[in-house]
Amino acid sequence: MKKGRKTVYDTWALRYSEKYPNNTATGKPRVPVLGSGSDFAPFVGGIGVTSVDLRFHYDESLGISSYPLYHSVYETFHLYKTFIDPQFKFSAALGQLWGELALRLADQAVLPFRVEDYGHAVEGYFGEVETRFGRLFSEKNVSLDYFRSAVKSFSLSCERFQQRANGIDPTKQILVRQVNDQMMQLERTFIDPPGLPNRPAIRHVLFAPSTMDSYTGISFPSLADSLFDFEHANNETKAHRWEEVKKQLSIATFFVQAASASLSPPTHF
C-alpha cells in the first residue's frame, strides 16, 4: 500500500509481468504454462480438468532459481516466520485471494472464466514456435499455414464465445448450463487418449511439464520435444525424427481445430 499498489493484482503485474516480444511490459501479470510438482498435475495433464496454481513468487531479480533452503531440512516454521514472511502479510493476502476465487466460482451463475484470454495465450504459444522454428520449417518446405489458421480460428471462436457468455441472462438456466458446460469441457478437448510420445500418463496436447525440468511447463509439448530430438539427432536418424515432427505438427493442428469447434453454439454444426 505504501508503494501505491492497492491489490495483489497490482503487485503481480509489477513483479511478474507479461512481456511483449520486444521484452517491454504489457501492464498485465504473467500467467505461465502449468508444469508439475504439485497436486494439480494429474488433473490437468491427465484428464483435462481446468486448474490453477496460485502462490507468491520469489524475487527473480536476485538471480536465484527458488527461495533459499527450499526442500531442505532447514525449511522450517522459524525460517518462514523470521525471513520469508515475518508478519504473514503475503500468506494472509494469498489466503484471501484463494477464498475470493472459491466464492466466485461457487456463487456466480456463469463461470467467471475469460475464454478469450485462452485464445490469446494459444496465439502466443504459436508465436513462440514460429519465432524459434519458422525458418527450419521453411527450409524443410513444410508450411505452418494450416497450424496458424487453426490457432487464429480458435482465438476468434474464443472471442465470439466470450461475447455470447457475457450476454447470457443468468435466469435462463438452460443457456447458463450450455455455456458453463462448454467452458468446463474446453480443457478436455486438448486431451489425446494415447498420451504424449513416451509419456502416456500425460495427455494434454497444448501444455505439459517440460521433459528437461518437470517443475516448468512448455506449450505444444509433443511438437517441442520432437523438434528438440530432431535438432540433436545424428545423420542416421534425422529423417525419422523429422517425420515425427510433421506428425506432431498435424496432431497439434487437429486438436486446436477441435477445440475451436467445441466453442460453437450447440445448435450450430
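The portion of the accessible surface of the range 9-151 made up by carbon and sulfur, rounded to a whole percent, is 56 (1.4 Å probe; DNA, RNA and ligands excluded).
Kirkwood hydrodynamic radius computed over the range 49-136 comes to 17.1 Å, based on all pairs of distinct alpha carbons. Dipole orientation for the chain: of the candidates Ala13, Gly217, Ala233, Ala13 has the Cα lying most toward the positive pole (charges on Cβ; Lys, Arg +1; Asp, Glu -1). For a modelled paramagnetic label at Ala258, 7 Å from Cα along Cα-to-Cβ, the residues of the range 214-235 in reach, with backbone nitrogen under 18 Å, are 220-224.
For chymotrypsin sites (Phe, Trp or Tyr not before Pro), the sites in the range 22-124 that DSSP calls loop and that have at most 15 other Cβ atoms within 10 Å are Tyr58, Tyr70, Tyr74, Phe88.
The charge dipole of the range 120-229, taken about the Cα centre with unit charges on the Cβ atoms of Lys, Arg (+1) and Asp, Glu (-1), comes to about 300 debye, rounded to the nearest 20. Amide H to amide H, with H built 1.01 Å from N, Phe207 comes under 5 Å of Phe220, counting only residues 5 or more places away or on other chains.
Sparsely packed loop sites in the range 5-50 (the trypsin sites (Lys or Arg not before Pro) outside DSSP H, G, I, E and B with at most 12 other Cβ atoms within 10 Å) comprise Lys6. The structure-derived value of Cα Rg over 2.2 N^0.38 Å appears in the list (1) 1.27; (2) 1.01; (3) 1.13 under the label (3). Estimated from helical segments only, the mean residue ellipticity of the chain at 222 nm is -16000 deg cm²/dmol, where each DSSP H run of four or more residues counts as -39500 (n - 2.57). Length gained on full extension, Phe90 to Thr171, computed as 0.36 nm times the residue gap minus the Cα-Cα distance: 25.3 nm. Along the chain, counting only GluC sites (Glu not before Pro) with a DSSP assignment other than H, G, I, E or B and at most 15 other Cβ atoms inside a 10 Å radius, the longest segment between sites is 76-235. Modelled label positions at Asn234 and Thr11, each set 7 Å beyond Cα in the direction of Cβ, lie 5.4 nm from each other. Treating r as the C-beta distance of Ala25 and Ser250 and R0 as 45 Å, the FRET efficiency rounds to 0.80.
Evaluated with a Cβ-only charge set (Lys, Arg +1; Asp, Glu -1), the range 57-188 carries a dipole of roughly 320 debye about its Cα centre, given to the nearest 20. Per the Debye formula on identical point scatterers at the alpha carbon atoms of the range 51-208, with no solvent, log10 I(q)/I(0) at q = 0.09, 0.17, 0.20 Å⁻¹ is -0.53, -1.16, -1.26.
What separates the Cα centres of the range 187-238 and the range 1-70 is a distance of 22 Å.
Basic side chains Lys and Arg get +1 at the Cβ, acidic Asp and Glu get -1 at the Cβ, and with that the dipole of the chain about its Cα centre reaches some 620 debye.
The values are calculated or read from the model by the stated rules, or taken from the named source; none is laboratory data. Computed from a predicted model, the values in this text were never measured in an experiment. Here Cβ is always computed from backbone atoms with ideal geometry, including for glycine, and neighbour counts include all displayed protein chains. Please note that ligands, DNA and RNA were not included when accessible areas were found on the heavy atoms of the full protein model with its side chains. Shrake-Rupley method; radii C 1.70, N 1.55, O 1.52, S 1.80 Å.
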